[in-house]
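Beneath this line is the structure, given in C-alpha coordinates, with notes to follow.
The values are calculated or read from the model by the stated rules, or taken from the named source; none is laboratory data. None of the values given here were measured: they were computed from a predicted structure. Please note: Cβ atoms are built from the backbone with ideal geometry, for glycine as well, and neighbour counts cover all protein chains shown.
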Amino acid sequence: MPATLIDGKAAAAALREQVAEEARAFQAAAGRHAGLAVVLVGDDPASAVYVGSKEKATRTAGMAGQVHRLSADIDQPTLMALIDRLNADPAVDGILVQLPLPAGLDSDAVIAAVDPAKDVDGFHPLNVGRLASGLPALVPCTPKGCIFLLRQQLGSLSGLDAVVIGRSAIVGRPMAQLLLTESCTVTIAHSRTRDLPAIVSRADIVVAAVGRPEMVRGDWLKPGATVIDVGINRVEGRLVGDVAFDEAMTVAGAVTPVPGGVGPMTIAVLLANTVEAARRREGLA
Ligand SMILES: NC(=O)C1=CN([C@@H]2O[C@H](COP(=O)(O)OP(=O)(O)OC[C@H]3O[C@@H](n4cnc5c(N)ncnc54)[C@H](OP(=O)(O)O)[C@@H]3O)[C@@H](O)[C@H]2O)C=CC1
Ligand SMILES: Nc1nc(=O)c2c([nH]1)NC[C@@H]1CN(c3ccc(C(=O)N[C@@H](CCC(=O)O)C(=O)O)cc3)C=[N+]21
(Lines give C-alpha, C1' and ligand atoms only; values in the text may rest on other atoms or scores of the structure.)
(Ligands and ions follow the chains in the order given, each with its own letter.)
Protein backbone atom coordinates (compact mmCIF):
# COMPACT_ATOMS: atom_id res chain seq x y z
CA MET A 1 0.00 0.00 0.00
CA PRO A 2 1.48 3.38 -0.91
CA ALA A 3 2.16 5.94 1.81
CA THR A 4 -0.28 8.68 2.82
CA LEU A 5 0.45 11.99 1.15
CA ILE A 6 0.62 14.71 3.82
CA ASP A 7 -1.18 17.70 2.31
CA GLY A 8 0.73 20.74 3.59
CA LYS A 9 -1.22 23.05 1.34
CA ALA A 10 -4.52 22.05 2.93
CA ALA A 11 -3.09 22.15 6.46
CA ALA A 12 -1.65 25.61 5.77
CA ALA A 13 -5.00 26.86 4.44
CA ALA A 14 -6.71 25.63 7.62
CA LEU A 15 -4.07 27.28 9.81
CA ARG A 16 -4.34 30.55 7.86
CA GLU A 17 -8.13 30.52 8.45
CA GLN A 18 -7.57 30.10 12.17
CA VAL A 19 -4.97 32.88 12.20
CA ALA A 20 -7.33 35.20 10.29
CA GLU A 21 -9.90 34.61 13.04
CA GLU A 22 -7.32 35.42 15.72
CA ALA A 23 -6.25 38.49 13.76
CA ARG A 24 -9.87 39.73 13.74
CA ALA A 25 -10.15 39.16 17.50
CA PHE A 26 -6.86 41.01 17.99
CA GLN A 27 -8.07 43.91 15.90
CA ALA A 28 -11.28 44.13 17.94
CA ALA A 29 -9.41 44.03 21.25
CA ALA A 30 -6.43 46.24 20.41
CA GLY A 31 -8.05 48.66 17.98
CA ARG A 32 -5.36 48.10 15.38
CA HIS A 33 -4.19 45.40 12.99
CA ALA A 34 -1.35 43.04 13.85
CA GLY A 35 1.59 44.19 11.74
CA LEU A 36 4.43 42.32 10.01
CA ALA A 37 7.49 44.03 8.53
CA VAL A 38 9.59 42.05 6.05
CA VAL A 39 13.05 43.26 5.09
CA LEU A 40 14.45 42.12 1.73
CA VAL A 41 18.00 43.12 0.84
CA GLY A 42 19.13 42.60 -2.75
CA ASP A 43 17.36 41.03 -5.69
CA ASP A 44 17.77 37.28 -5.31
CA PRO A 45 14.84 35.95 -7.38
CA ALA A 46 13.91 33.07 -5.02
CA SER A 47 13.88 35.45 -2.02
CA ALA A 48 11.72 37.91 -3.96
CA VAL A 49 9.19 35.12 -4.65
CA TYR A 50 9.03 34.10 -0.96
CA VAL A 51 8.65 37.71 0.17
CA GLY A 52 5.86 38.21 -2.37
CA SER A 53 3.97 35.17 -0.98
CA LYS A 54 4.46 36.41 2.59
CA GLU A 55 3.12 39.84 1.65
CA LYS A 56 0.02 38.38 -0.01
CA ALA A 57 -0.68 35.95 2.85
CA THR A 58 -0.33 38.76 5.41
CA ARG A 59 -2.98 40.90 3.68
CA THR A 60 -5.32 37.94 3.15
CA ALA A 61 -5.16 37.15 6.87
CA GLY A 62 -6.28 40.70 7.68
CA MET A 63 -2.95 41.91 8.98
CA ALA A 64 -0.93 45.00 8.13
CA GLY A 65 2.12 44.14 6.05
CA GLN A 66 5.04 46.28 5.03
CA VAL A 67 7.97 45.22 2.87
CA HIS A 68 11.24 47.13 2.93
CA ARG A 69 13.19 46.43 -0.25
CA LEU A 70 16.80 47.57 0.00
CA SER A 71 19.53 47.51 -2.60
CA ALA A 72 22.21 44.80 -2.31
CA ASP A 73 24.94 47.40 -1.79
CA ILE A 74 23.52 49.10 1.34
CA ASP A 75 25.93 49.22 4.27
CA GLN A 76 25.56 47.59 7.68
CA PRO A 77 24.75 50.83 9.61
CA THR A 78 21.87 51.64 7.21
CA LEU A 79 20.38 48.18 7.74
CA MET A 80 20.85 48.40 11.52
CA ALA A 81 19.13 51.82 11.51
CA LEU A 82 16.11 50.30 9.73
CA ILE A 83 15.90 47.51 12.33
CA ASP A 84 16.01 50.15 15.12
CA ARG A 85 13.17 52.03 13.44
CA LEU A 86 11.05 48.89 13.15
CA ASN A 87 11.82 47.96 16.78
CA ALA A 88 10.56 51.38 17.87
CA ASP A 89 7.44 51.38 15.65
CA PRO A 90 4.41 50.42 17.78
CA ALA A 91 2.46 49.30 14.68
CA VAL A 92 5.06 46.61 13.94
CA ASP A 93 4.58 43.35 15.88
CA GLY A 94 6.80 41.10 13.79
CA ILE A 95 10.08 41.69 11.97
CA LEU A 96 11.49 39.22 9.44
CA VAL A 97 14.79 39.82 7.70
CA GLN A 98 14.90 37.54 4.67
CA LEU A 99 18.04 35.36 4.68
CA PRO A 100 20.61 34.90 3.35
CA LEU A 101 21.78 38.52 3.26
CA PRO A 102 24.12 39.57 0.44
CA ALA A 103 27.84 38.99 1.08
CA GLY A 104 29.44 41.71 3.19
CA LEU A 105 26.52 42.12 5.58
CA ASP A 106 26.75 40.60 9.07
CA SER A 107 23.53 38.61 9.51
CA ASP A 108 24.32 37.60 13.12
CA ALA A 109 24.49 41.28 14.09
CA VAL A 110 21.21 42.00 12.30
CA ILE A 111 19.44 39.04 13.94
CA ALA A 112 20.69 40.10 17.39
CA ALA A 113 19.45 43.67 16.80
CA VAL A 114 15.81 42.59 16.30
CA ASP A 115 13.66 43.11 19.41
CA PRO A 116 13.19 39.51 20.72
CA ALA A 117 9.49 40.29 21.30
CA LYS A 118 9.14 41.01 17.54
CA ASP A 119 11.39 38.15 16.39
CA VAL A 120 8.73 36.14 14.49
CA ASP A 121 11.47 34.03 12.83
CA GLY A 122 12.68 32.90 16.27
CA PHE A 123 16.31 33.46 15.26
CA HIS A 124 17.34 35.88 18.06
CA PRO A 125 19.73 34.27 20.59
CA LEU A 126 17.23 34.93 23.39
CA ASN A 127 14.50 32.93 21.61
CA VAL A 128 17.01 30.23 20.59
CA GLY A 129 18.03 29.90 24.24
CA ARG A 130 14.46 29.87 25.49
CA LEU A 131 13.57 27.10 23.03
CA ALA A 132 16.65 25.09 24.06
CA SER A 133 15.65 25.52 27.73
CA GLY A 134 12.12 24.30 27.03
CA LEU A 135 10.67 27.75 27.86
CA PRO A 136 7.93 29.51 25.86
CA ALA A 137 9.52 31.32 22.92
CA LEU A 138 8.90 32.59 19.42
CA VAL A 139 9.80 29.45 17.46
CA PRO A 140 11.25 29.27 13.91
CA CYS A 141 8.44 28.90 11.38
CA THR A 142 9.61 25.94 9.31
CA PRO A 143 10.27 23.52 12.22
CA LYS A 144 7.06 24.62 13.95
CA GLY A 145 5.18 23.87 10.73
CA CYS A 146 6.80 20.42 10.57
CA ILE A 147 5.65 19.65 14.13
CA PHE A 148 2.14 20.73 13.18
CA LEU A 149 2.12 18.26 10.25
CA LEU A 150 3.60 15.46 12.38
CA ARG A 151 1.02 15.92 15.15
CA GLN A 152 -1.76 16.00 12.59
CA GLN A 153 -0.49 12.72 11.10
CA LEU A 154 0.58 10.85 14.25
CA GLY A 155 -1.11 12.48 17.24
CA SER A 156 1.31 12.12 20.16
CA LEU A 157 5.00 11.87 19.15
CA SER A 158 6.06 10.68 22.61
CA GLY A 159 8.71 7.95 22.61
CA LEU A 160 9.18 7.88 18.84
CA ASP A 161 12.67 7.71 17.30
CA ALA A 162 13.28 10.84 15.23
CA VAL A 163 16.21 11.60 12.93
CA VAL A 164 16.81 15.16 11.74
CA ILE A 165 19.20 15.43 8.80
CA GLY A 166 20.77 18.91 8.86
CA ARG A 167 21.88 21.14 11.76
CA SER A 168 21.29 24.68 10.49
CA ALA A 169 20.08 27.41 12.85
CA ILE A 170 16.99 27.92 10.65
CA VAL A 171 15.76 24.33 10.37
CA GLY A 172 17.77 21.39 11.76
CA ARG A 173 18.67 22.62 15.25
CA PRO A 174 15.28 24.09 16.22
CA MET A 175 13.58 21.05 14.65
CA ALA A 176 15.56 18.75 16.95
CA GLN A 177 14.68 20.93 19.98
CA LEU A 178 10.97 20.80 19.17
CA LEU A 179 11.03 17.01 18.68
CA LEU A 180 12.73 16.71 22.06
CA THR A 181 9.99 18.85 23.61
CA GLU A 182 7.51 16.37 22.05
CA SER A 183 9.41 13.60 23.91
CA CYS A 184 10.96 11.97 20.85
CA THR A 185 14.36 10.28 21.06
CA VAL A 186 16.26 12.59 18.72
CA THR A 187 19.30 12.00 16.53
CA ILE A 188 20.80 14.90 14.57
CA ALA A 189 22.73 13.91 11.42
CA HIS A 190 24.91 16.20 9.28
CA SER A 191 27.66 16.15 6.69
CA ARG A 192 30.10 14.35 9.00
CA THR A 193 27.65 11.63 10.00
CA ARG A 194 28.93 8.11 9.32
CA ASP A 195 26.53 5.70 7.69
CA LEU A 196 23.49 7.93 7.33
CA PRO A 197 21.36 5.13 5.78
CA ALA A 198 21.82 3.00 8.92
CA ILE A 199 20.81 5.89 11.18
CA VAL A 200 17.78 6.76 9.07
CA SER A 201 16.66 3.12 8.99
CA ARG A 202 15.95 3.22 12.76
CA ALA A 203 13.72 6.29 12.60
CA ASP A 204 9.95 6.45 13.03
CA ILE A 205 10.21 10.11 11.97
CA VAL A 206 12.69 11.43 9.37
CA VAL A 207 13.07 15.17 8.81
CA ALA A 208 15.30 15.95 5.83
CA ALA A 209 16.70 19.52 5.76
CA VAL A 210 19.88 19.32 3.72
CA GLY A 211 19.45 21.00 0.33
CA ARG A 212 20.52 17.99 -1.78
CA PRO A 213 17.97 16.82 -4.34
CA GLU A 214 16.57 13.33 -3.62
CA MET A 215 19.46 12.39 -1.31
CA VAL A 216 17.34 10.25 1.05
CA ARG A 217 16.52 6.99 -0.75
CA GLY A 218 13.46 4.82 -0.25
CA ASP A 219 15.49 1.78 0.82
CA TRP A 220 17.00 3.74 3.74
CA LEU A 221 13.59 4.08 5.40
CA LYS A 222 11.98 1.97 8.09
CA PRO A 223 8.69 0.66 6.65
CA GLY A 224 5.84 2.86 7.87
CA ALA A 225 8.06 5.82 8.83
CA THR A 226 6.73 9.38 8.61
CA VAL A 227 8.91 11.46 6.29
CA ILE A 228 9.01 15.27 6.40
CA ASP A 229 10.87 16.71 3.42
CA VAL A 230 12.00 20.29 4.07
CA GLY A 231 14.33 20.52 1.07
CA ILE A 232 13.57 22.94 -1.75
CA ASN A 233 15.85 22.29 -4.71
CA ARG A 234 15.42 23.67 -8.18
CA VAL A 235 16.39 20.99 -10.70
CA GLU A 236 15.91 21.58 -14.41
CA GLY A 237 13.24 24.18 -13.74
CA ARG A 238 11.15 22.11 -11.30
CA LEU A 239 11.15 21.84 -7.49
CA VAL A 240 12.32 18.64 -5.80
CA GLY A 241 12.89 17.81 -2.15
CA ASP A 242 15.74 16.12 -0.31
CA VAL A 243 13.86 12.80 -0.41
CA ALA A 244 13.41 10.53 -3.45
CA PHE A 245 9.65 10.97 -3.32
CA ASP A 246 8.47 8.06 -5.51
CA GLU A 247 10.74 5.60 -3.70
CA ALA A 248 9.68 6.90 -0.28
CA MET A 249 6.00 6.52 -1.18
CA THR A 250 6.49 2.75 -1.59
CA VAL A 251 8.07 2.24 1.87
CA ALA A 252 7.00 5.04 4.23
CA GLY A 253 3.73 5.40 6.13
CA ALA A 254 3.35 9.08 5.20
CA VAL A 255 5.38 11.61 3.19
CA THR A 256 5.22 15.37 2.59
CA PRO A 257 5.47 16.37 -1.09
CA VAL A 258 7.61 19.17 -2.54
CA PRO A 259 6.05 21.52 -3.45
CA GLY A 260 2.88 21.53 -1.36
CA GLY A 261 4.31 20.14 1.90
CA VAL A 262 6.39 22.07 4.41
CA GLY A 263 6.76 25.28 2.35
CA PRO A 264 3.16 26.49 2.63
CA MET A 265 3.18 25.70 6.36
CA THR A 266 6.20 27.95 6.88
CA ILE A 267 4.25 30.97 5.70
CA ALA A 268 1.11 30.09 7.68
CA VAL A 269 3.19 29.73 10.87
CA LEU A 270 4.83 33.10 10.20
CA LEU A 271 1.37 34.68 10.33
CA ALA A 272 0.54 32.70 13.49
CA ASN A 273 3.77 33.89 15.13
CA THR A 274 2.94 37.48 14.18
CA VAL A 275 -0.48 37.37 15.86
CA GLU A 276 1.10 35.65 18.86
CA ALA A 277 3.73 38.40 19.13
CA ALA A 278 1.03 41.07 18.73
CA ARG A 279 -1.13 39.55 21.49
CA ARG A 280 1.82 39.32 23.88
CA ARG A 281 2.89 42.89 23.13
CA GLU A 282 -0.63 44.16 23.91
CA GLY A 283 -0.85 42.03 27.07
CA LEU A 284 -3.61 39.89 25.52
CA ALA A 285 -1.76 36.56 25.78
N1 LIG B 1 10.28 24.54 3.10
C2 LIG B 1 10.73 25.59 3.76
O3 LIG B 1 9.96 26.36 4.29
C4 LIG B 1 12.19 25.80 3.89
C5 LIG B 1 13.03 25.04 3.12
N6 LIG B 1 14.37 25.16 3.26
C7 LIG B 1 15.19 24.23 2.45
O8 LIG B 1 15.70 23.23 3.33
C9 LIG B 1 17.00 22.82 2.94
C10 LIG B 1 17.97 23.05 4.08
O11 LIG B 1 18.04 24.42 4.40
P12 LIG B 1 19.06 25.00 5.49
O13 LIG B 1 18.90 24.25 6.76
O14 LIG B 1 18.91 26.45 5.48
O15 LIG B 1 20.46 24.57 4.77
P16 LIG B 1 21.98 24.70 5.23
O17 LIG B 1 22.76 24.64 3.99
O18 LIG B 1 22.13 25.83 6.18
O19 LIG B 1 22.21 23.36 6.07
C20 LIG B 1 22.29 22.11 5.45
C21 LIG B 1 22.61 21.04 6.47
O22 LIG B 1 22.71 19.79 5.78
C23 LIG B 1 23.89 19.13 6.16
N24 LIG B 1 24.42 18.30 5.07
C25 LIG B 1 25.00 18.72 3.91
N26 LIG B 1 25.36 17.67 3.17
C27 LIG B 1 25.01 16.55 3.86
C28 LIG B 1 25.13 15.17 3.61
N29 LIG B 1 25.68 14.70 2.50
N30 LIG B 1 24.66 14.32 4.55
C31 LIG B 1 24.09 14.77 5.67
N32 LIG B 1 23.95 16.07 5.96
C33 LIG B 1 24.41 16.96 5.06
C34 LIG B 1 24.87 20.22 6.53
O35 LIG B 1 25.83 19.67 7.41
P36 LIG B 1 27.05 20.54 8.05
O37 LIG B 1 26.41 21.33 9.16
O38 LIG B 1 27.98 19.51 8.53
O39 LIG B 1 27.57 21.41 6.94
C40 LIG B 1 23.94 21.24 7.18
O41 LIG B 1 23.80 21.00 8.55
C42 LIG B 1 17.30 23.64 1.68
O43 LIG B 1 16.91 22.88 0.56
C44 LIG B 1 16.40 24.86 1.82
O45 LIG B 1 16.06 25.42 0.58
C46 LIG B 1 14.93 26.02 4.16
C47 LIG B 1 14.14 26.82 4.94
C48 LIG B 1 12.69 26.80 4.83
N1 LIG C 1 14.34 35.06 7.57
C2 LIG C 1 13.95 34.03 6.84
N3 LIG C 1 12.90 33.28 7.25
C4 LIG C 1 12.48 32.22 6.50
O5 LIG C 1 11.53 31.51 6.88
C6 LIG C 1 13.15 31.94 5.26
C7 LIG C 1 14.23 32.76 4.89
N8 LIG C 1 14.61 33.78 5.70
N9 LIG C 1 14.91 32.51 3.76
C10 LIG C 1 14.53 31.45 2.82
C11 LIG C 1 13.79 30.32 3.52
C12 LIG C 1 12.96 29.50 2.59
N13 LIG C 1 11.59 29.68 2.98
C14 LIG C 1 10.48 29.17 2.31
C15 LIG C 1 9.21 29.65 2.51
C16 LIG C 1 8.13 29.19 1.76
C17 LIG C 1 8.30 28.22 0.80
C18 LIG C 1 7.15 27.78 -0.03
O19 LIG C 1 6.04 28.28 0.11
N20 LIG C 1 7.34 26.83 -0.95
C21 LIG C 1 6.32 26.33 -1.86
C22 LIG C 1 6.76 26.46 -3.30
C23 LIG C 1 7.17 27.85 -3.69
C24 LIG C 1 7.72 27.91 -5.11
O25 LIG C 1 7.01 27.45 -6.04
O26 LIG C 1 8.88 28.36 -5.26
C27 LIG C 1 6.07 24.86 -1.59
O28 LIG C 1 6.98 24.18 -1.07
O29 LIG C 1 5.00 24.37 -1.93
C30 LIG C 1 9.56 27.71 0.60
C31 LIG C 1 10.64 28.17 1.37
C32 LIG C 1 11.56 30.52 4.05
N33 LIG C 1 12.77 30.91 4.43
Inset, instruction - Could you please let me know if Val110 is more than 16 Å from ligand 2 (Cβ to nearest atom) and over 25 Å from Arg16 (Cα atoms)? - result: no
Inset, instruction - Determine whether segment 157-165 contains at least one residue that is within 10 Å of ligand 1 (Cβ to nearest atom) and either of a type outside the set (Asp, Glu) or under 18 Å from Leu131 (Cα atoms) (or both). - result: yes
Legend entry - Unmet requirement for Asp219, which otherwise passes all of (1) within 17 Å of Leu160 (Cβ to Cβ); (2) surrounded by fewer than 17 Cβ atoms within 10 Å (Cβ to Cβ): (1)
Legend entry - Which listed residue, of Thr274, Thr187, is outside the structural domain of Arg59 (by TED's automatic domain parsing), under 23 Å from the mean Cα position of the chain (by Cα) and within 16 Å of ligand 2 (Cβ to nearest atom): Thr274
Inset, instruction - May I ask you to list the residues in segment 2-60 that are in contact (Cβ under 8 Å) with a residue 12 or more places away in the chain and β-branched (Val, Ile, Thr)? - result: Thr4, Ile6, Val19, Val38, Val39, Val41, Val51, Thr58, Thr60
Legend entry - Selected residue [part of a helix (DSSP H, G or I), away from ligand 2 (no atom under 14 Å from the Cβ) and of a type in the set (S, T, N, Q)] from Asn87, Asn127: Asn87
Inset, instruction - Would you check which residues across segment 1-36 are basic (Lys, Arg) and part of a helix (DSSP H, G or I) and list them? - result: Lys9, Arg16, Arg24
Inset, instruction - From Val67, Val38, grab the single residue that is buried (at least 21 other Cβ atoms within 10 Å of the Cβ) and within 14 Å of ligand 2 (Cβ to nearest atom). - result: Val38
Inset, instruction - Would you tally the residues in segment 242-283 being within 16 Å of ligand 1 (Cβ to nearest atom), assigned to a loop (DSSP other than H, G, I, E, B) and of a type in the set (A, V, I, L, M, F, W, C)? - result: 2
